Amino acid sequence: MTHAPVETAPLDLREHLARLEARGLLTRIDEPVNKDTQLHPLVRWQFTGGLPESARRAFMFTNVHGADGRKFDSPVVVGALAASPAIYACGMGVEVSDIGDVWNRGIASPIAPTLIDNPPCREVVITGEDLRKPGGGLASLPIPVSTPGFDSAPYLTATLCVTKDPETGVRNMGTYRAGLKATDRLCVRMATRLTGAGGYVHWLKYKELGQPMPIAIVVGAAPVIQYTGPQKLAIDLDEMAVAGGLAGASLRVCKALTVDLEIPADAELVVEGFIDTELVEPEGPFGESHGYIALEEFNMSMRVTAITHRKNPVICSIVSQVTPSESSVMKKVAYEPLYLTHLKKTLNVKGLVGVVMHEPLSNLRPIIFLQFARNSIQTEVWRGLQGASTLQAQCGKIVIAVTDDVDPRNADAVFWSMAYRSNPVDDLLVVPYRSRSHGPKTDGGSANSTLLIDATAKNPMPPLALPAREYMEEARVLWEKIGLPRLSPQAPWHGAHLGDWGDSWQSFAEAATRGEWERTGEITYQRRRSDVAPETPVRRVEKN
Ligand SMILES: Cc1cc2nc3c(=O)[nH]c(=O)nc-3n(C[C@H](O)[C@H](O)[C@H](O)COP(=O)(O)O)c2cc1C
């Protein structure tokens, strides 16, 4: 199904959900669903059930209850931000093909937000004893368990954790998980590794000052704002302004109620409070985006000072864990254009035409493919490989370059390219001293390394041995006319020239398709000779 392009980005989650529904991209589930055991597993099936990416939908659950039988008025949405690139594009108000350009524009031309009073995100305010009473505070919200059977608690996953640098006042908004601990307490996990979470850098500064860190966890802001959370932006770049750049408009912020922070004014839900900088608290286990369960570790303990929300807030949750997932789609569509722009515009790598991050199971970061035009210069291929492996500490542990007739989304095609187009002794390099990146912490070792492979075609190759395109297309018409089972062509599905061919072979092939092979036989009969061994290439002794 094709849809008319939407010209502007939706400026709040509700507008986005309405657009998704109008485009047939949202499925309402009115059946009673248990948020602690059924909700995430149901959505998970669309990533593990063999559906094509285009069949994935946002799910809106309107009849949610907890494992204890408690019913919730608020709906829960999962997959609404990025179950598929089409859903993500809808959140940006653009076509899928324009996502990369819009990211480049948003980062290059941020638009500062506008401060307003009486924001929608404060239609309902929960403070004081209401935060602490049994079933109150966080327990009054339908926050789901993401990985039932392994996770230690319900978690907020679609977060924007807003913090501020105590020295510079620069704001950071990162997507970090936050596990429920009490009706007024959460535990937030901010990555402490090099180039980890921006919020962690702020936490260290508050710790140095001997003060708790003010934080506001925002859930259900406009998609353009939510999308800045997982994006890798420069530490001093304000995500709200980048979101404005993505939307092409100044977005609304308001002052938080109990902490000195500015937050997206049209969000569905805001959890305000302070993070302890003295004591850390055990957090997890929780299913991580690298595809393993993160085991219990000490993380940031947050005391809630206020929960504010819109009336009947829509609680947004993200499917993460094993990839593909909503989390990996969100990162893929944002990271790939950043890499392509960096390699092409900043490093000026010649011949590069595409960057693809490997999504199934490996979670994007470790494996990156580069596509090069045929006849690219070998040293440029290697500059590309090195640039892709060094842009970010956590991305590009394995980088493989292929020629652009190979689709890196098909791992079989990449193996095919490595099998016939690379010679490991010449085309493979292992570089030591890579930092350990996002992954299970029990895999041992303190440092990692990088594997670079040039699997591009270095020389002209004979044509791909499938019938030429015109014959495959003609045969497909016949196939369909006969009523044989529906086809979904898998590349490569037709033969193609790869640089090594000759005019006489072309004329033989054309003669064969006209049924004139006996004429060819007469020609080759004349060319018989006695001075060569079998398997001697004809062109070694004859001019073609
Ligand atoms: C669904 C989802 C959950 C995430 N959870 C965490 C997390 O718990 N902790 C963390 O440090 N990063 C997490 N990330 C990755 C960060 O959002 C990402 O590294 C981002 O760049 C952080 O922003 P920052 O650079 O401003 O810290 C998550 C990403 C997604 C999409």
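Read-outs throughout are calculated quantities, based only on the coordinates presented, and are distinct from any laboratory measurement. Worth saying up front: this structure is predicted, and the values here are computed from it rather than measured. Cβ atoms come from the backbone with ideal geometry, glycine included; neighbour counts cover every protein chain shown.
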(request) Name the shape class, rounded, prolate or oblate, that the alpha-carbon gyration tensor gives for the stretch 13-317, where a ≥ b ≥ c are the square roots of its eigenvalues, rounded holds for a/c under 1.5, and otherwise prolate holds if a/b is larger than b/c and oblate otherwise. (result) rounded
(request) Under 19 Å Cα to Cα from LYS458, which lysines show up? Leave out anything in the same chain fewer than 8 places away. (result) LYS350
(message) Could you tell me the calculated FRET efficiency between LYS350 and ALA182, based on Cβ-Cβ distance and R0 = 51 angstrom, to the nearest 0.05?
(response) 0.35
(request) Rounded, prolate or oblate: pick one for the stretch 469-541, where a ≥ b ≥ c are the square roots of the eigenvalues of its C-alpha gyration tensor, a/c under 1.5 means rounded, and failing that, prolate if a/b is larger than b/c, else oblate. (result) prolate
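Rounded to the nearest 500, what is the 222 nm mean residue ellipticity of the chain from helices alone, with -39500 (n - 2.57) per DSSP H run of 4+ residues and division by all residues?
Values: 16 runs with 150 residues, N = 544.
The helix-only estimate for the chain comes to -8000 deg cm²/dmol at 222 nm.
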(message) Per-residue counts of other Cβ atoms within 10 Å, averaged by peptide: what ranking do you get for 51-58, 241-248, highest first?
(response) 241-248, 51-58
(request) Would you mind pulling out the separation of the Cα centroids of the stretch 287-331 and the stretch 412-475, in Å? (result) 33 Å
(message) Starting from the 7 Å offset along Cα-to-Cβ, what nm value, one decimal, do you get for the label separation of ASP98 and GLN211?
(response) 4.3 nm
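Kindly identify the chain as rounded, prolate or oblate by the Cα gyration tensor criterion: order the square roots of the eigenvalues as a ≥ b ≥ c, call it rounded if a/c is under 1.5, otherwise compare a/b with b/c, prolate if a/b is larger, else oblate.
Numbers: a/c = 2.51, a/b = 1.97, b/c = 1.27.
Because a/c hits 1.5 or more and a/b exceeds b/c, the chain counts as prolate.
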(request) Excluding residues on the same chain fewer than 8 positions from LYS232, give the lysines whose Cα lies under 16 Å from its Cα. (result) LYS331, LYS332
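Rounded to the nearest 5, what is the percent of antiparallel bridges among the DSSP beta bridges in the chain? It would help to have the intermediate numbers written out before the result.
Values: 60 of 84 bridges.
Expressed as a percentage, antiparallel bridges in the chain total about 70.
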(message) How far apart, in nanometres, would the label points at GLU474 and GLU31 be if each is projected 7 angstrom from Cα along the Cα-to-Cβ direction?
(response) 5.1 nm
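Could you calculate the FRET efficiency of LEU204 with ARG528 from 1/(1 + (r/R0)^6), where r is the beta carbon distance between them and R0 is 56 Å, rounded to 0.05?
On the way: r = 82 Å, r/R0 = 1.46.
That gives a FRET efficiency of 0.10.
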(message) Cut-off under 16 Å on the C-alpha distance; same-chain residues fewer than 8 positions from LYS35 excluded. Which lysines are left, in chain and number order?
(response) LYS71
(request) Would you work out the relative contact order for the stretch 19-146, in percent, from Cα pairs under 8 angstrom that are 6 or more residues apart? (result) 27 percent
